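Report on one structure; see the data block that follows.
Throughout, read-outs are computed from the coordinates displayed, never taken from laboratory work. Computed from a prediction, not measured in an experiment: that's the story for all the values here. Here the Cβ positions follow ideal geometry from the backbone for every residue, glycine too, while neighbour counts run over all protein chains shown.
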Amino acid sequence: MFKMIGDLIEVMLCVVLAYYIDTRLLAHMGNLYLAQYVSAIYCVVQFVSILENVSTCNNAKWAKVLQNVVADKTQRHLGVDIASKTLTNEAVQTQRQKRT
């Protein structure tokens with residue numbers, strides 16, 4: 001929850017900064033619409049994240065094709081290899097460190 005709020009604050013600060021760069025520093029170049037570009041990039045990143053999550057949780061054919069294109073978050077964040085349904089070495093070491 002706190003990570004999401006922090007990310008939203010960062011994005012809002014970036015949008016405001018891009019707006020001021022566009023209107024104050026680069027005003028002589030006309031409107032570059034930098035704030036809109038920053039917002040669009042954030043939306044694309046979030047859309048790809050949603051696609052990663054949906055493809056991981058779904059066994060449909062389109063999801064399998066999508067898994068070949070986008071990264072699998074379960075292995076990256078949890079250390080679980082979905083294909084073999086085993087924990088990776090890093091996840092095992094992390095769990096052992098938490099126990100001690």
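The table for this structure:
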quantity	calculated
Phi to ³J(HN,Hα) by Karplus 6.51 cos²θ - 1.76 cosθ + 1.60 over the stretch 41-48, Hz, x for Gly, Pro	5, 4, 4, 5, 4, 5, 5, 5
Spin-label pair ILE50/LYS3, simplified geometry with 7 Å Cα→Cβ offset, distance in nm	1.9 nm
Phi-based couplings in Hz for the stretch 58-64 (Karplus 6.51, -1.76, 1.60; Gly and Pro marked x)	10, 9, 5, 5, 5, 6, 5
Residue-by-residue Karplus 3J(HN,Hα) for the stretch 17-26, coefficients 6.51, -1.76, 1.60, Hz, glycine and proline x	4, 5, 5, 5, 5, 5, 8, 9, 7, 10
